[in-house]
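Comments concern the structure below.
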Amino acid sequence: MTLALRSIDAESYARIVLPLTAPLWAAGRDFESYTRQTLELARSGYGRTHYSTIGLYDGALLCASCKCYEREIRLGDRTLKAIGIGAVFTPDELRGRGYASAMLAALMDREHAVGSDALYLFSDIAPAFYEALGFVAFPSRVFSFRSDDLPHARMSIKQATPEDRAAIRRLFSRHERSRPWSLKRTPLYWEWIYLRTRHGSEHPGDDALTFVLREGSRVDAFVTGVRSAAHDSFIVDEIGIRDERERDLIAPFLRSAAGDLRRIVGWLPPEPIRRMLPRGTIRRRKDAIFMVAPLTRAAHAWVRSASGAGSGDAVWSTDHI
């Protein structure tokens, strides 16, 4: 057996892999839509430059595959190069032979050789599988509170328009810069998020909404999420506020965004937003566990300090891949 890691072009990946993964990840989409949207992501500005699909081959036999996403980690005044991994898949008839482990180990060797600092992923299976390969789990939690427990205030919130995007990005970046570290967002990555949102990648069957609290032309706060009637909940993906001194706006703003839904839920946000949230129920998340495999000395030091620090999650749910 001679195993080799190879790139898979987008069209070949759609033809060979997507028919196998559709039952897992099409999320209610018909196969044509699943394929079209996957190719649209691959052909986007971010997709052409920072996204790829790879496979582990034994000769001509594809034994395992995954997607790779290039991101940068801002660590103080330093930058670490990270590779996100998603859609790790082994065909049914080849499972139990260690192909996925071999693929990830080969990918780690390759990325270390080209100077990447870390790999990361979001585990929907037992994290122990990835821990055995050198990945470290970061705290992953969800918050929940009743909408009618929040204070009500008369405020005029509106759905965001494309013209609000620049202001929303500024609010988001302001909070991210105050953190010890964060995943950097380039303009291309923001466009990638907008595209995935239109596809309904994170919330199949529900339309993503962004609400803004505006004073004249100035955006004072924003929240992105979905109103899920099936769960009687407003599911928060991201939230930001212009001035931390106005943190009392967040609770009534979220209540207004929830409309008549009973609960407000979401991943526990990173600091500083986490400490501005109203008090509610917090519990560990059992899926989409953020995990990192450090490859360099700098990344090992970062993981040691960051994996157990902070009262919020490490990343936003919109960083999920």
Selected residue (criterion: surrounded by the fewest Cβ atoms within 10 Å (Cβ to Cβ)) from residues of segment 202-237 that are among the small types (Gly, Ala, Ser) and in contact (Cβ under 8 Å) with a residue 12 or more places away in the chain = ALA230
remark   = Filter segment 211-270 for residues that are in a strand (DSSP E or B) and of a type in the set (S, T, N, Q); the one that is nearest to the chain's Cα centre (by Cα) is THR224
inquiry  = With the structure loaded, tell me whether TYR34 is in the same structural domain as GLU93 (by TED's automatic domain parsing) and in contact (Cβ under 8 Å) with a residue 24 or more places away in the chain or whether it fails that test.
reply    = no
task = Just give me the residues in segment 85-107 being within 18 Å of the chain's Cα centre (by Cα) and either polar (S, T, N, Q) or surrounded by fewer than 21 Cβ atoms within 10 Å (Cβ to Cβ) (or both), in sequence order.
result = GLY86, ALA87, VAL88
message = For segment 304-320, give me each residue that is at pLDDT below 90 and on the phi < 0 side of the Ramachandran plot.
response = SER307, GLY308, ALA309, SER311, GLY312
ask   = Regarding SER156, is this residue out of contact with any Gly (no Cβ under 7 Å at 6 or more places or on another chain) and surrounded by 13 or more Cβ atoms within 10 Å (Cβ to Cβ)?
value = no
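Rundown of residues vs (1) at pLDDT below 95; (2) hydroxyl-bearing (Ser, Thr, Tyr); (3) more than 21 Å from LEU183 (Cα to Cα), yes/no style:
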{"site": "GLY216", "(1), (2), (3)": "yes, no, yes"}
{"site": "THR224", "(1), (2), (3)": "no, yes, no"}
{"site": "ASP248", "(1), (2), (3)": "yes, no, yes"}
{"site": "ARG263", "(1), (2), (3)": "no, no, yes"}
{"site": "ARG275", "(1), (2), (3)": "yes, no, no"}
{"site": "ARG285", "(1), (2), (3)": "yes, no, no"}
{"site": "ALA298", "(1), (2), (3)": "no, no, no"}
{"site": "TRP302", "(1), (2), (3)": "no, no, no"}
key: Residue selected from segment 159-189 under the condition of a type in the set (Lys, Arg) and over 17 Å from ASP220 (Cβ atoms), by the criterion surrounded by the fewest Cβ atoms within 10 Å (Cβ to Cβ)   = ARG177
ask   = Quick one: THR161 ticks every box in (1) touching a strand residue (DSSP E or B) at 6+ places or on another chain (Cβ under 9 Å); (2) in the same structural domain as ALA293 (by TED's automatic domain parsing); (3) free of Cβ contacts under 8 Å to residues at least 24 places away in the same chain bar one, so which box is it?
value = (2)
ask   = Just wondering, is there one or more residues in segment 5-19 that are exposed (fewer than 14 other Cβ atoms within 10 Å of the Cβ) and under 28 Å from PRO294 (Cβ atoms)?
value = yes
note = Going through segment 238-291 in order, the residues found to be without any contact (Cβ under 8 Å) to a residue 60 or more places away in the chain, touching a Pro at 6+ places or on another chain (Cβ under 9 Å) and within 19 Å of HIS203 (Cα to Cα) are ILE239
request  = May I ask you to list the residues in segment 74-98 that are of a type in the set (A, V, I, L, M) and over 28 Å from SER201 (Cα atoms)?
outcome  = LEU75
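The values are calculated or read from the model by the stated rules, or taken from the named source; none is laboratory data. The structure displayed is predicted, hence computed values, not measured ones. Cβ coordinates were reconstructed from backbone atoms using ideal geometry, including for glycine residues, and neighbour counts include every protein chain displayed.
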